[in-house]
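Chemist: Mind having a look at this structure? Questions to follow.
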Amino acid sequence: MNIKKMKPTELIMHVLTWGAAILTICALIYLIGFILLKGLPYLKPSLFSLTYNSDNVSLMPALISTVFMTFLSLLIAAPLGIGAAIYLAEYVRREGRFVTFVRMMSETLAGIPSIVYGLFGMLFFVNALRWGYSLIAGAFTLSIMILPLLMRSTEEALKSVPDVWREGSFGLGAGKLRTVFKVVLPAASPGILAGIILAVGRVVGETAALIFTSGTVAQVPSSALKSARTLSVHMYVLSGEGLHMGEGYATAVVLLVVVVAINALSASLAKKIGAGDK
Amino acid sequence: MPNGDIMNKNKSFSLEILMRGVFLSCAAVSILAVLLICLFLFANGIPGIGKIGLLDFLTGTSWKPNDIPASFGILPMIVGSCLVTLGAISIGVPIGVASAVFMAFCCPKNLYKILKPAINLLAGIPSVIYGFFGMAAIVPVFGNSIISACILLGLMILPTVIGLSESALRAVPEQFYEGALALGSGHYRAVYRVALPAAKSGVMAAVVLGVGRAIGETMAVIMVAGNQARMPKDMFPIPKGLFRGIRTLTANIVIEMGYAAELHREALIATGVVLLIFILIINLCFGDTLRRKKQ
């Protein structure tokens with residue numbers, strides 16, 4: 001397109017559109033650049049020592065807790081989410097009343113702010129079930145939070161498996177269950193995995209839902225019933241204390257690296273599905 | 001052996017039924033979760049509202065939990081949440097929609113390959129990191145203020161708005177755009193006057209989701225907004241008032257929950273109830289938008 005030949009109104013819209021896009025890109029670069037600039041100088045080996053004290057402000061216990069938290073919440077949410085999606089996609093009429101209702105509920109869950117999940121987790125898991133501030137209370141809270149995401153992505157993945165495959169499997173004499181487990185699920189697995197990885201991203205980044213469920217103890221938890229802070233909570237606590245902002249930014253760098261890796265992994269899996277379609 | 005065969009069939013048949021039940025109960029978990037969340041929040045929040053008085057709670061202008069007698073009015077926080085959300089939308093939506101137009105209609109292919117993952121990354125960055133960024137990059141310029149919170153939230157809802165608007169724009173049939181071109185309209189006129197209105201419902205859905213995200217955001221807002229419970233009359237004169245701090249519903253809960261007890265604690269849970277009701281109302285509207293999109 002030749003800019004010089006444009007009408008004035010077209011030119012204005014051209015400038016505004018490109019301007020908005022450039023602004024978005026600049027914001028992203030500024031954001032990442034700023035975190036790197038502030039955090040990298042503080043990224044020292046002492047930051048990775050196994051125990052936390054106020055001298056080394058180590059992020060290692062938080063990192064280990066984050067891994068525990070991720071595994072626990074996936075262990076709870078992934079079977080539930082995948083099972084629910086199998087029911088919705090394979091067992092009932094796809095636009096039936098039950099499906100619509102379940103979908104409405106999972107959309108509602110997806111819209112609830114994380115602090116409300118935090119309050120609920122505190123009232124239900126921490127107080128009513130008497131688990132106290134613990135890894136397991138946090139994991140259960142988060143697993144409800146990531147459930148809609150897992151259901152949605154698994155359902156999409158199951159739907160993208162052509163019906164002919166199911167019919168072929170039935171034709172060969174396989175039952176419903178065998179068809180689901182031996183034919184449909186393997187074919188849908190990259191999509192399901194991409195959803196799981198996105199869920200990992202949400203767990204890793206979550207703060208508000210965890211402060212009042214898993215608490216803020218800065219050591220490696222000795223059991224699932226002990227309080228522990230994840231990386232995000234660790235960052236929030238550091239910002240609240242205000243004494244170790246540099247270490248806070250260094251933690252931000254580590255968290256950012258984790259998030260970028262998660263995103264890249266999920267994107268490459270999504271690409272695999274795209275290639276499979278063709 | 002025919003007998004064994006029948007046995008086997010019966011066994012697999014009961015397994016089929018069992019697993020069907022298992023899958024059904026998995027699907028029912030999300031219903032159960034919504035019910036439990038509502039039940040527990042309402043059961044713990046409503047008594048507090050009852051003690052304070054619904055009207056005093058919702059329209060009271062002072063939040064002084066430590067005074068004797070204490071006052072629990074959350075109007076300043078309701079106003080704060082709405083104001084900050086409004087600001088975020090008025091910053092994030094125009095930039096987001098224009099960026100989506102860029103992505104769908106103007107972007108060179110090579111640039112798109114970088115830009116699309118970059119926007120996805122923006123969506124995946126945790127809110128604490130946004131908060132740290134805001135504290136270091138926005139607060140020094142604008143202070144712990146309404147305006148800082150609006151800018152940061154505007155940035156945070158950008159990826160949501162861009163992603164949904166872009167897919168809505170891509171779903172518009174190409175003939176719309178080509179038809180406009182054939183009638184003599186320019187590229188941008190065709191995009192903004194024909195394709196964008198055709199994608200309206202998708203863009204609306206993006207805006208509603210953005211509102212939900214902005215109103216529910218907690219950590220990033222706490223770190224930049226200053227968190228003083230303040231009424232709108234303090235915000236005048238306009239440009240100067242916007243540089244004062246503000247507290248949102250979400251911030252109110254996180255900041256005070258750690259040490260609150262008795263009625264104070266109940267009032268904070270009730271704040272969560274109000275927030276939940278806000279979101280449920282927005283979700284109802286969002287469901288409508290989606291259904292209209294399908295028709």
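Chemist: Can you give the accessible area of A:Asp163 in Å² (nearest 10), computed on protein heavy atoms with a 1.4 Å probe?
Modeler: For A:Asp163, solvent-accessible area is about 80 Å².
Chemist: Output wanted: per-residue J couplings in Hz (rounded whole) for region B:144-155, from phi through Karplus 6.51 cos²θ - 1.76 cosθ + 1.60, θ = phi - 60°, x for Gly and Pro.
Modeler: For region B:144-155, the Karplus curve yields 6, 8, 4, 5, 4, 4, 4, 5, 5, 5, x, 5 Hz.
Chemist: Restricting things to alpha carbons, find the Rg to Rh ratio for region B:76-294 using the Kirkwood radius for Rh. Before the final figure, lay out the partial values.
Modeler: On the way: Rg = 19.6 Å, Rh = 18.8 Å.
In region B:76-294, Rg relative to Rh is 1.04.
Chemist: Another one. Averaged per residue, what accessible surface does the protein assembly as shown expose to a 1.4 Å probe, in Å²? Don't jump to the answer; show the numbers that get you there.
Modeler: Working: 25990 Å² over 573 residues.
Result: 45 Å² of accessible area for each residue.
Chemist: Right, here's the next one. Scan chain B and hand back the longest stretch that contains none of the chymotrypsin sites (Phe, Trp or Tyr not before Pro) lying in DSSP loops with at most 16 other Cβ atoms within 10 Å.
Modeler: My reading of the result: B:1-242 is the longest stretch.
Chemist: In Å², nearest 100, what accessible area do chains B and A bury in total when the solvent probe is 1.4 Å?
Modeler: 6500 Å²
Chemist: Longer than 32 Å from Cα to Cα, which of A:Lys159/B:Lys116; A:Lys5/B:Lys200; B:Lys116/B:Lys200; A:Lys5/A:Lys271; A:Lys44/B:Lys109; B:Lys109/B:Lys200 are they? Say none if no pair is.
Modeler: Too far apart for the 32 Å limit: A:Lys5/A:Lys271; A:Lys44/B:Lys109.
Chemist: So, one more: Report the dimensions of the protein assembly as shown along its three principal axes from the alpha-carbon atoms, largest first, rounded to Å.
Modeler: Result, largest extent first: 86, 71, 55 Å.
Chemist: Just the number, please: Stokes-Einstein D of chain A in µm²/s, Kirkwood Rh from C-alpha pairs, 20 °C, 1.002 mPa s. Don't jump to the answer; show the numbers that get you there.
Modeler: On the way: Rh = 21.4 Å.
Using the Kirkwood radius from Cα pairs, D works out to 100 µm²/s.
Chemist: I'd like the Karplus ³J(HN,Hα) series for region B:175-181: coefficients 6.51, -1.76, 1.60, θ = phi - 60°, whole numbers in Hz, and an x wherever there's a Gly or Pro.
Modeler: 4, 4, 5, 5, x, 4, 4
Chemist: Starting from the eigenvalues of the Cα gyration tensor, five times each then square-rooted, give me the equivalent ellipsoid semi-axes of region A:3-42, largest first, whole Å.
Modeler: Working through the eigenvalues yields semi-axes of 36, 7, 4 Å.
Chemist: Here's something else I'd like to know. Of all accessible surface on region B:92-177 at a 1.4 Å probe, what whole percent is carbon and sulfur?
Modeler: 66 percent
Chemist: Taking the alpha-carbon distance from A:Lys38 and a cut-off under 15 Å, which aspartates and glutamates remain once sequence neighbours fewer than 8 residues away in the same chain are dropped?
Modeler: By straight Cα distance, A:Lys38 reaches A:Glu247.
The values are calculated or read from the model by the stated rules, or taken from the named source; none is laboratory data. Worth saying up front: this structure is predicted, and the values here are computed from it rather than measured. Don't worry about glycine lacking a Cβ; one is built from the backbone with ideal geometry, like all the others, and counts go over all protein chains shown. The protein model used for the area step is the full one, side chains on, heavy atoms only, and it has no ligands, DNA or RNA in it. Shrake-Rupley method; radii C 1.70, N 1.55, O 1.52, S 1.80 Å.
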